[in-house]
1. Among the residues in the range 135-150, are any small (Gly, Ala, Ser), in a loop (DSSP other than H, G, I, E, B) and either closer than 18 Å to Leu177 by Cβ or free of Cβ contacts under 8 Å to residues at least 60 places away in the same chain (or both)?
2. Looking at (1) crowded, with 20+ Cβ neighbours inside 10 Å; (2) closer than 28 Å to Gly28 by Cα; (3) modelled with pLDDT under 95, which is the one condition that is false for Trp164?
3. Residue check: is Thr127 at pLDDT below 95 and not in a loop (DSSP other than H, G, I, E, B)?
4. Can you spot a residue in the range 72-83 that is modelled with pLDDT under 95 and of a type in the set (Phe, Trp, Tyr)?
5. Confirm whether Asp114 is acidic (Asp, Glu) and within 16 Å of the chain's Cα centre (by Cα).
6. Can you pull out the residues in the range 9-39 that are closer than 20 Å to Ala81 by Cα and at pLDDT below 95?
7. Within the range 167-200, how many residues turn out to be touching a Gly at 6+ places or on another chain (Cβ under 9 Å) and of a type in the set (D, E, K, R)?
8. Name every residue in the range 156-190 that is under 16 Å from the mean Cα position of the chain (by Cα), aromatic (Phe, Trp, Tyr) and part of a loop (DSSP other than H, G, I, E, B), in order of residue number.
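The values are calculated or read from the model by the stated rules, or taken from the named source; none is laboratory data. What you see is a predicted model; the values in this text were computed from it and never measured. Positions of Cβ are generated from backbone atoms using ideal geometry, with glycine treated the same way; all protein chains shown enter the neighbour counts.
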Amino acid sequence: MRKQLAATVSRRSRGAKIEWARRNIEPGSTVLLVGASIPRTDDLGIDNIVERGIGEFADIHALVYDWGDPRLGCPFTRGDACDLPFPDQSFDYVFSNAVIEHVGGPDRARAMLDESKRVARRGAFHTTPDRWFPVETHTLIPLLHWLPRSFQHRAFATAGKPYWNLQSFWLFGRRSLLRLSSDFRVERLSPLVLIAVWRL
């Protein structure tokens, strides 16, 4: 039941992200989707919804860390979001959905923003869950992600989520996201979702 509720909330959130992308990315634009990958067996149909939605109106290419999602129907390249394997200004836009919190902390997140700006001609957009939303969206556990980072792994392990670590889960709030790059502003899409935005 809790998982179904989370999937419903996630679908609504992802729908809002698609609408935001439609307002900010011109139809027919080339878009690099950073982080789209093969759906998990437990994804409840929500994996890559945003990426598939953007693919309905844009010319997409996926940067993946394992294999591409056949439902996207687009070319894909395996690579690192923090060291993109493309020349400068290769795409009109770069877009990532809830990837930046998984790249390994602030230094790598800063590199991801810099790289997205380098390969984009018109803009780069990165969504992420807000650290200060009371429920942690990956684990569905409330409040533990508000603890000092040095206590988080032990707290999540005690709560039955031993996979939580600061290499794979480094959540950003509005201020910490803004500190990554003065070239990006941060918009709030909902109480749950922030978007780092750079536009030429």
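1. Within the range 135-150 (the criterion being small (Gly, Ala, Ser), in a loop (DSSP other than H, G, I, E, B) and either closer than 18 Å to Leu177 by Cβ or free of Cβ contacts under 8 Å to residues at least 60 places away in the same chain (or both)), the answer is no, since none of the residues qualifies.
2. Answer for Trp164: the failing condition is (2).
3. In short, no.
4. Yes, because at least one residue in the range 72-83 is modelled with pLDDT under 95 and of a type in the set (Phe, Trp, Tyr).
5. The answer is yes for Asp114.
6. Selection gives Gly35, Ala36, Ser37, Ile38, Pro39.
7. Residues flagged as touching a Gly at 6+ places or on another chain (Cβ under 9 Å) and of a type in the set (D, E, K, R) within the range 167-200 amount to 1.
8. Phe169, Trp170, Phe184
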